[in-house]
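Structure record follows, encoded as structure tokens.
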Amino acid sequence: SALGIGGCSTTSDPTGNYYAFVREKPTSNAFDHDSIPVATFAFSEGNSWKLSVIMAEPIEGTWTRAGNTITLKSTDGVSINANLEEDGSIRLSPPFGAGPYWKMSKEWEASMQSVGAHDALLARGRDIGTAAVMLAGDNDESLPKTRAELVEGLSVFLADISVLDGFEYTFAGGKLPPEKERGSVELGKLTIAGKTVTIYLNGDVK
């Protein structure tokens, strides 16, 4: 089966990523969490494409072009039509009607990747902080004095010990301070790709 894209007098093949949003297309080159894409329609080299929609399995295949019509052949038998609009957007018909899909600037994509990387770093830090809180709770509100001992202890509470890659243990170890003070005392710092967050004894990450 195939998806047919046509309906406008464009001479440019689709390239890169096109994004669909819950609200209108963002007008700023700075990404923010109110403009998280709900779907991405990606065209890559080698005439391949991939449609990724939140909470759904991605669909992919290959495409060919004849005049102003692009035919996308899916690998799993899905058949759907779409139009490349005069404003350069791509609009798909149901069941993948989220859209239109917009081509965004390189600055916006770079901003989105940066924000996404920071969110991932915060999430990783929270995993470490939560595990440390649980470890202390099982050890009379105390933590080990060395990183090696901490890693051994945290391994019981972490699904993947590799989340500790880039983690520097800065707490001296021993008995934790009173609970109300733990939000201002460092457990350690997590650095990935040049970006650093601080993890506190109460599990907070900043």
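Cα gyration tensor of segment 166-206, axes a ≥ b ≥ c as square roots of the eigenvalues: rounded (a/c below 1.5), prolate (a/b > b/c) or oblate? Oblate, since a/c reaches 1.5 and b/c is not below a/b. Under a 5 Å amide H cut-off, with hydrogens placed 1.01 Å from N, Asn17 pairs with Phe43 among residues at least 5 apart or on other chains.
Along each principal axis, taking the top coordinate minus the bottom one, the Cα set of segment 13-83 gives 36, 27, 21 Å in descending order. The chain has equivalent-ellipsoid semi-axes of 48, 17, 13 Å, by the square roots of 5 times the alpha carbon gyration tensor eigenvalues, sorted largest first.
Going through the cross-link list Lys73/Lys195; Lys25/Lys189; Lys50/Lys206; Lys73/Lys106, which pairs have a Cα-Cα distance over 32 Å in this structure?
Lys73/Lys195; Lys25/Lys189; Lys50/Lys206
What longest region of the chain stays clear of GluC sites (Glu not before Pro) that DSSP places outside H, G, I, E and B and that have at most 14 other Cβ atoms within 10 Å? Formally, the longest exposed-site-free interval is 87-206.
Working from Cα pairs under 8 Å separated by at least six residues, relative contact order for segment 93-199 is 25 percent. Could you tell me which of Ser28, Thr130, Gly46 has its Cα farthest along the dipole of segment 27-182 towards the positive end, charges placed at Cβ (Lys, Arg +1; Asp, Glu -1), taken about the Cα centre? Checking the options against the dipole of segment 27-182, the answer is Gly46.
Relative to the longest principal axis of the Cα atoms of the chain, the long axis of helix 106-137 lies at roughly 30 degrees.
Each Lys or Arg adds one and each Asp or Glu subtracts one; over the other residues with Cβ under 11 Å from the Cβ of Ser89, this totals 0. Along the positive direction of the dipole of segment 133-206 (beta-carbon charges: Lys, Arg +1; Asp, Glu -1; about the Cα centre), which of Tyr169, Ala159, Thr198 reaches farthest? Farthest along the dipole direction, towards plus: Thr198. For the pair Ser162 and Glu107, the difference between a 0.36 nm per residue extended length and the Cα-Cα distance amounts to 16.7 nm. Near Phe171, once Lys and Arg are set to +1 and Asp and Glu to -1 for all other residues with Cβ below 13 Å from its Cβ, the sum equals 0. Amide H contacts of Glu85 (H built 1.01 Å from N, in plane; Pro and chain starts excluded): Ile90, Arg91 sit under 5 Å, all sequence-distant by 5 or more or on other chains.
When only the Cβ of Lys, Arg, Asp and Glu is charged (+1, +1, -1, -1), the dipole of the chain relative to its Cα centre reaches about 300 debye.
Seen from Ile36, the other residues with C-beta closer than 14 Å to its C-beta sum to a net charge of -3, counting Lys and Arg as +1 and Asp and Glu as -1.
Full-extension gain between Glu24 and Glu45, please, as 0.36 nm times their residue separation minus the C-alpha to C-alpha distance. Intermediate values should be presented prior to the final figure.
On the way: separation 21, 0.36 × 21 = 7.56 nm, distance 2.85 nm.
Taking 0.36 nm per residue and subtracting the Cα distance, the gain is 4.7 nm.
In this simple spin-label approximation, Val38 and Ser52 carry label points 7 Å from Cα along the Cα→Cβ vector, and these lie 1.8 nm apart. Once the Cβ-Cβ distance of Ile192 and Glu149 is raised to the sixth power relative to R0 = 22 Å, the FRET efficiency obtained is 0.45. Across segment 103-206, Cα-Cα pairs farther apart than 22 Å form 31% of the total. In percent, rounded to a whole number, the relative contact order of the chain is 18, using alpha-carbon pairs under 8 Å and six or more apart.
Each value in this text was obtained by applying a stated rule to the coordinates, not by laboratory testing. Source: prediction; values computed, not measured. FYI the Cβ positions are ideal-geometry reconstructions off the backbone, even for glycines, and counts take in every protein chain you see.
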